[in-house]
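Asks: The structure is given below, and queries will be raised subsequently.
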Amino acid sequence: MTAPAETPRVIPPAELPQKVSTKKPKGRSDLSSALAFLSPTLIVLSAFVFFPVVFSFYLSFHSWNMFSSTESFVGVGNYSSIVQNPEFWSVLKNTAVYTLGTVPLNMVISLGIAYFLNKKLAGKKLLRTAFFAPVVMSSVAAAVIWRWVYEPSFGLLNYGLSWFGIPAVNWLNNPTSAMFALIVMGVWKTFGFNMVLFSAGLQGIPEHYYEAAQIDGAGKWKQFWNITVPLLSPTTFFVLVMSVIGSFQVFDTVYVLTSGGPLGSTKVLVFYLYEQAFKFFDMGYASAVAYLLFAVVFILTMLQMKYLRGSIHYSS
Amino acid sequence: MKQKKVIGSVVLHLAMYGLALITVAPFLWMLMTSFKTLPDILTYPPVWWPKEFIVDNYVNAFSAAPFGRFYFNSVVIAVAVTIGQIITCSMAAFAFARLRFWGRDVLFYIFLGTMMIPGQVTMIPGFMMLYWLGWIDSYAALIVPGLASAFGTFLLRQFFLTIPRDLEDAASIDGCGRFGLLWRIILPLSKPALATLAVFTFMGVFNDFLWALIVVNSEEMRTVQLGLAIFRDRYQTDWGQLMAASVTATLPILLVFFVAQKYFIKGITLSGLKD
């Protein structure tokens with residue numbers, strides 16, 4: 001089963017297993033009771049995670065329509081037909097455009113809001129609740145609502161734009177604007193999550209750094225660039241990696257908002273994978289696509305871990 | 001100087017509340033539309049407040065598709081998975097945090113490693129497993145794969161490690177077994193972590209779409225999210241009904257969120273970064 005979309009998968013070093021000091025004197029092993037405690041988890045994870053990871057890899061080297069034939073070994077055939085398939089490249093391009101569209105915008109908005117939420121403000125809790133609300137809503141419902149917001153004749157967005165003299169746009173029926181619509185909705189849906197991470201990061205910066213800078217006559221802007229930005233960088237990097245991983249996996253909103261259209265302009269990687277696997281039942285090919293996605297996520301995660309290991313930890 | 005500060009504060013408040021309003025505008029728009037009559041919905045310029053409040057959209061949506069049934073399914077699945085995960089994760093976390101056995105750290109690293117595997121990689125063989133087991137289109141397909149979680153195990157293990165052992169040592173001397181230690185000592189002290197895991201799991205399962213889309217065929221097994229997605233395919237522009245159905249699909253999660261907000265926030269920061 002897929003974990004909640006927002007569940008972070010990257011483990012910061014503070015969380016890596018420390019040697020657990022087992023105070024037991026003689027070092028007697030608790031293997032039998034450990035097995036008892038672990039067995040429910042091990043059984044389920046074996047069936048739905050450990051085995052699938054391995055089997056998926058195996059499948060990616062086979063050709064198999066699961067309902068009509070047995071699998072046959074094709075070597076790297078699936079991978080080579082993927083890279084020779086122009087549709088795959090257009091799907092990859094769409095995913096990249098979506099990522100480049102959502103991630104920077106999302107980060108600027110979420111950092112900005114977190115920064116100002118850290119200031120003296122009446123009704124902070126209420127504000128935070130409002131900004132976070134889209135995160136907890138289901139992507140399906142969110143996309144249904146946004147279809148209505150984007151509705152060309154009676155939708156909220158075109159009405160709002162008309163105040164500024166901008167003519168009505170048929171958002172979801174035009175390849176360029178459909179991707180734009182998907183990006184705007186994606187940012188709306190997820191910035192609250194990053195806001196929480198940034199808030200935690202900001203609260204971790206010791207107050208006395210700012211006090212010292214103030215005594216030295218540094219203005220707000222200078223303080224932001226010379227204290228906040230560098231001290232927040234581990235958080236920023238974490239948010240960046242998580243956001244890129246998340247946007248590479250976008251599916252629900254695409255399915256409901258645009259179904260990959262118009263003209264395939266919003267068909268992203270996971271949507272393509274879903275089609276190959278569960279519309280055409282080409283399980284081998286789809287597994288290869290899944291492994292390419294895995295490779296992207298893996299590389300990003302490794303970068304994240306390496307960065308955090310190497311980063312300096314300031315503490316008060 | 002002081003005047004400047006006041007002005008700055010006013011601007012800040014206006015900007016932040018303005019942004020918050022824009023953020024929640026789609027929610028309000030959904031809620032208002034769901035109570036509007038058709039002529040009210042199709043007016044330009046749009047009106048926020050319905051001229052006449054009606055509940056017909058809800059009645060019609062619930063008779064056009066068995067949303068009551070979808071709801072029931074979603075709640076059963078989400079509750080079952082949440083309870084299941086609390087049990088399995090706390091047991092596994094206990095083993096990792098308190099027991100000593102051969103291969104423990106390696107196994108724990110494997111658990112951590114699985115957390116970075118995208119769900120899409122395990123999805124296809126997971127589907128096949130259910131197919132071979134004959135579980136496609138059943139509650140089992142929607143519940144069993146979620147009954148364990150590396151993430152949940154990790155979250156609880158981290159929390160268990162912060163609990164001092166003295167109490168357990170005392171209890172052990174008094175003849176308390178290991179299940180007793182977990183049940184009587186550790187779990188009662190771990191309520192915040194358990195609440196965090198519970199709200200995250202409940203939200204994740206209730207909002208899940210892709211898995212349900214794959215493993216469900218029949219109408220009576222649909223979850224709320226799947227039902228809503230199919231409903232929107234069928235009633236493309238019946239905005240009143242679509243919004244009523246969306247309100248229905250959103251409300252329970254928003255309620256859980258309002259009640260348990262601090263656990264959501266804590267969950268994100270705990271799992272994300274430590275101060």
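Every number in this text was worked out from the coordinates using simple rules, so none of it is lab data. Computed from a predicted structure; not experimentally measured. Glycine also receives a Cβ, built like all others from the backbone with ideal geometry; neighbour counts cover every protein chain displayed.
A quick yes/no check of all residues on (1) surrounded by 17 or more Cβ atoms within 10 Å (Cβ to Cβ); (2) assigned to a loop (DSSP other than H, G, I, E, B); (3) without any contact (Cβ under 8 Å) to a residue 40 or more places away in the chain; (4) polar (S, T, N, Q):
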site	(1), (2), (3), (4)
B:V81	yes, no, no, no
B:T88	yes, no, no, yes
B:A92	yes, no, no, no
B:A95	yes, no, yes, no
B:R100	no, yes, yes, no
B:T122	yes, no, yes, yes
B:M129	yes, no, yes, no
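Asks: Mind checking whether some residue in the stretch A:193-207 is in a helix (DSSP H, G or I), out of contact with any Lys or Arg (no Cβ under 6 Å at 6 or more places or on another chain) and over 30 Å from A:S247 (Cβ atoms)?
Replies: yes
Asks: Still on this model: Checking the conditions here, which among B:I77, B:I22, B:I7 is closer than 30 Å to B:V215 by Cβ, in a helix (DSSP H, G or I) and not aromatic (F, W, Y)?
Replies: Step by step, each of B:I77, B:I22, B:I7 is checked, and only B:I77 is closer than 30 Å to B:V215 by Cβ, in a helix (DSSP H, G or I) and not aromatic (F, W, Y).
Asks: Looking at the stretch A:176-209 only, could you name the residues that are of a type in the set (G, A, S) and facing another protein chain (nearest Cβ under 9 Å)?
Replies: Those that are of a type in the set (G, A, S) and facing another protein chain (nearest Cβ under 9 Å): A:G192, A:S199, A:A200, A:G201, A:G204.
Asks: From the list A:S56, A:S63, A:S81, A:S46, exactly one residue is out of contact with any His (no Cβ under 8 Å at 6 or more places or on another chain) and within 9 Å of chain B (Cβ to nearest Cβ). Which is it?
Replies: So the residue among A:S56, A:S63, A:S81, A:S46 that is out of contact with any His (no Cβ under 8 Å at 6 or more places or on another chain) and within 9 Å of chain B (Cβ to nearest Cβ) is A:S56.
Asks: If a residue counts only when it is within 8 Å of another protein chain (Cβ to nearest Cβ) and surrounded by 15 or more Cβ atoms within 10 Å (Cβ to Cβ), which helices (runs of 4 or more DSSP H) contained entirely in the stretch A:105-175 have at least 3 such residues?
Replies: Helices (runs of 4 or more DSSP H) meeting the threshold: A:124-136, A:139-149.
Asks: Just give me the residues in the stretch A:219-233 being β-branched (V, I, T) and touching a residue at least 12 places away in the same chain (Cβ under 8 Å), in sequence order.
Replies: A:I227, A:T228
Asks: Which of the residues spanning the stretch B:44-67 are over 14 Å from B:M243 (Cβ atoms) and of a type in the set (S, T, N, Q)?
Replies: Within the stretch B:44-67, just B:S63 meets the criteria.
Asks: Something else about it: What do you reckon, is B:G180 out of contact with any His (no Cβ under 6 Å at 6 or more places or on another chain), free of Cβ contacts under 8 Å to residues at least 60 places away in the same chain, more than 7 Å from chain A (Cβ to nearest Cβ) and not in a helix (DSSP H, G or I)?
Replies: no
Asks: Identify, from the list A:L126, A:L156, A:L121, the residue that is out of contact with any helix residue (DSSP H, G or I) (no Cβ under 7 Å at 6 or more places or on another chain) and free of Cβ contacts under 8 Å to residues at least 60 places away in the same chain.
Replies: The conditions single out A:L126.
Asks: Looking at the structure I just gave you, is A:V196 in contact (Cβ under 8 Å) with a residue 40 or more places away in the chain and of a type in the set (A, V, I, L, M, F, W, C)?
Replies: Yes, satisfied.
Asks: Let me ask something else. When the stretch B:216-275 is examined, which residues are found to be without any contact (Cβ under 8 Å) to a residue 60 or more places away in the chain, small (G, A, S) and over 28 Å from A:M195 (Cα atoms)?
Replies: Within the stretch B:216-275, just B:A229 meets the criteria.
Asks: Here's something else I'd like to know. Can you pull out the residues in the stretch A:256-276 that are without any contact (Cβ under 8 Å) to a residue 40 or more places away in the chain and either surrounded by 24 or more Cβ atoms within 10 Å (Cβ to Cβ) or closer than 19 Å to B:I124 by Cα (or both)?
Replies: Those that are without any contact (Cβ under 8 Å) to a residue 40 or more places away in the chain and either surrounded by 24 or more Cβ atoms within 10 Å (Cβ to Cβ) or closer than 19 Å to B:I124 by Cα (or both): A:V270, A:L273, A:Y274, A:E275, A:Q276.
Asks: Among residues belonging to the stretch B:145-177 that are out of contact with any helix residue (DSSP H, G or I) (no Cβ under 8 Å at 6 or more places or on another chain) and in a helix (DSSP H, G or I), point out the one that is nearest to the other protein chains (Cβ to nearest Cβ).
Replies: B:D169
Asks: Moving to a separate point now. Output the residues belonging to the stretch B:6-32 that are in contact (Cβ under 8 Å) with a residue 40 or more places away in the chain and either more than 8 Å from chain A (Cβ to nearest Cβ) or touching an Asp or Glu at 6+ places or on another chain (Cβ under 6 Å) (or both).
Replies: B:L31
Asks: Okay, moving on. Can you tell me which residue in the stretch A:255-292 is farthest from A:Y58 (Cα to Cα), limited to those that are polar (S, T, N, Q) and within 9 Å of chain B (Cβ to nearest Cβ)?
Replies: Residue satisfying both the conditions and the ranking: A:S259.
Asks: So B:L142 clears everything in (1) in contact (Cβ under 8 Å) with a residue 60 or more places away in the chain; (2) within 9 Å of chain A (Cβ to nearest Cβ); (3) not in a helix (DSSP H, G or I) except one condition, right? Which one?
Replies: (3)
Asks: Which one is nearest to the chain's Cα centre (by Cα), of the residues in the stretch B:26-71 that are of a type in the set (G, A, S) and surrounded by fewer than 17 Cβ atoms within 10 Å (Cβ to Cβ)?
Replies: If we take residues in the stretch B:26-71 being of a type in the set (G, A, S) and surrounded by fewer than 17 Cβ atoms within 10 Å (Cβ to Cβ), then B:G68 is nearest to the chain's Cα centre (by Cα).
Asks: So B:G113 passes all but one of these: (1) in contact with a helix residue (DSSP H, G or I) (Cβ under 6 Å, 6 or more places away or on another chain); (2) more than 7 Å from chain A (Cβ to nearest Cβ). Which condition number does it fail?
Replies: (1)
Asks: Please go through (1) at the interface with chain A (Cβ under 7 Å from one of its Cβ atoms); (2) over 14 Å from the mean Cα position of the chain (by Cα) for B:R234 and return the number of the only condition it doesn't satisfy.
Replies: The failed condition is (1).
Asks: Further, regarding this structure: Is one or more of the residues making up the stretch A:93-109 within 26 Å of B:V47 (Cα to Cα) and touching a residue at least 12 places away in the same chain (Cβ under 8 Å)?
Replies: no
Asks: Quick check on this structure: which one of A:F237, A:F280 is assigned to a helix (DSSP H, G or I) and either in contact with a Cys (Cβ under 9 Å, 6 or more places away or on another chain) or under 30 Å from A:K93 (Cβ atoms) (or both)?
Replies: Answer to the check: A:F237.
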